[in-house]
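The values are calculated or read from the model by the stated rules, or taken from the named source; none is laboratory data. Not measured: the values here are computed from a predicted model. Neighbour counts run over all protein chains shown; Cβ positions are idealised from the backbone, glycine included. Each accessible area value is taken on the protein alone, full model and side chains, heavy atoms only, with ligands, DNA and RNA left out. Shrake-Rupley method; radii C 1.70, N 1.55, O 1.52, S 1.80 Å.
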Amino acid sequence: KAGVTQTPRYLIKTRGQQVTLSCSPISGHRSVSWYQQTPGQGLQFLFEYFSETQRNKGNFPGRFSGRQFSNSRSEMNVSTLELGDSALYLCASSLGPGGNTGELFFGEGSRLTVL
Amino acid sequence: SQQGEEDPQALSIQEGENATMNCSYKTSINNLQWYRQNSGRGLVHLILIRSNEREKHSGRLRVTLDTSKKSSSLLITASRAADTASYFCATDRGSNYQLIWGAGTKLIIKP
């Protein structure tokens with residue numbers, strides 16, 4: 001069974017640009033969550049999607065957005081990039097929403113560097 | 001804001017010794033999960049303990065949960081170099097809430 005796939009794995013952007021990250025969950029999983037991880041702030045929740053609906057959203061500005069498609073694949077977009085957006089962006093999938101159905105399965109992450 | 005808080009923030013021990021990490025949280029939970037993250041990689045689920053459980057084992061891992069103190073501990077016995085990683089706890093308050101993550105404990109196993 002294939003794991004969670006995130007693309008691209010590494011990318012470099014400049015301030016003001018926008019970026020789109022993709023996440024393909026494990027087959028059969030309908031919930032996808034996104035996290036931002038930085039050395040200073042730790043693991044910060046961005047948003048969660050379940051069956052194409054955003055269920056929860058973290059405390060991030062509107063420049064951060066996401067969506068989920070009917071096949072459960074998800075994308076997140078960051079517009080008008082700032083230096084502080086440099087981070088490892090992690091996607092996790094699970095069978096159901098929240099943590100109630102058990103473990104999250106994480107991808108390897110997309111490491112974004114903003115210059 | 002994060003509900004979970006791990007301590008210590010960093011722990012360095014000799015290979016073969018036991019490592020204990022703690023996690024505290026603030027509100028009632030349905031379950032608590034522990035994850036491991038090798039440097040720069042994704043997180044890997046280790047163990048889930050439900051609020052009505054007090055102790056759970058998985059291989060060399062032992063997790064305890066004290067809901068009266070709102071705390072959990074993760075014990076890794078007979079540590080190995082491959083256990084070098086960051087360990088995170090995550091608390092689940094129910095399906096209407098996202099998991100709340102601690103800041104993690106960085107564990108270094110010295111050969």
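Some observations on this one:
- Members of the stretch B:101-111 that are open to solvent by 20 Å² or more (accessible area, probe 1.4 Å) and within 13 Å of another protein chain (Cβ to nearest Cβ): B:A103, B:K106
- Among the residues making up the stretch A:31-58, those that are part of a loop (DSSP other than H, G, I, E, B) and under 23 Å from A:G3 (Cβ atoms) are A:S51, A:E52.
- Filtered by the rule that a residue be of a type in the set (S, T, Y) and open to solvent by 10 Å² or more (accessible area, probe 1.4 Å), the stretch B:88-100 gives B:S95, B:Y97.
- A:R63 modelled with pLDDT of 95 or more and open to solvent by 10 Å² or more (accessible area, probe 1.4 Å): yes
- Hey, A:V19 within 13 Å of another protein chain (Cβ to nearest Cβ) and of a type in the set (V, I, T) or not: no
- Residue list for the stretch A:59-115, restricted to those being outside any loop (DSSP other than H, G, I, E, B), within 11 Å of another protein chain (Cβ to nearest Cβ) and not hydroxyl-bearing (S, T, Y): A:L88, A:L90, A:C91, A:A92, A:F105, A:F106, A:R111
- Flag if A:T38 is on the phi > 0 side of the Ramachandran plot and either surrounded by fewer than 14 Cβ atoms within 10 Å (Cβ to Cβ) or within 13 Å of chain B (Cβ to nearest Cβ) (or both): no
- The criterion of at least 2 residues that are in contact (Cβ under 8 Å) with a residue 60 or more places away in the chain and either away from chain A (no Cβ under 12 Å) or within 14 Å of the chain's Cα centre (by Cα) (or both) is met, among strands (runs of 3 or more DSSP E) falling completely within the stretch B:15-95, by B:19-24, B:31-37, B:85-92.
- Contacts under 6 angstrom Cβ, first residue in the stretch A:33-52 being of a type in the set (D, E), partner part of a strand (DSSP E or B), 6 or more apart: A:E48/A:S33; A:E48/A:R55; A:E48/A:N56; A:E52/A:Q68
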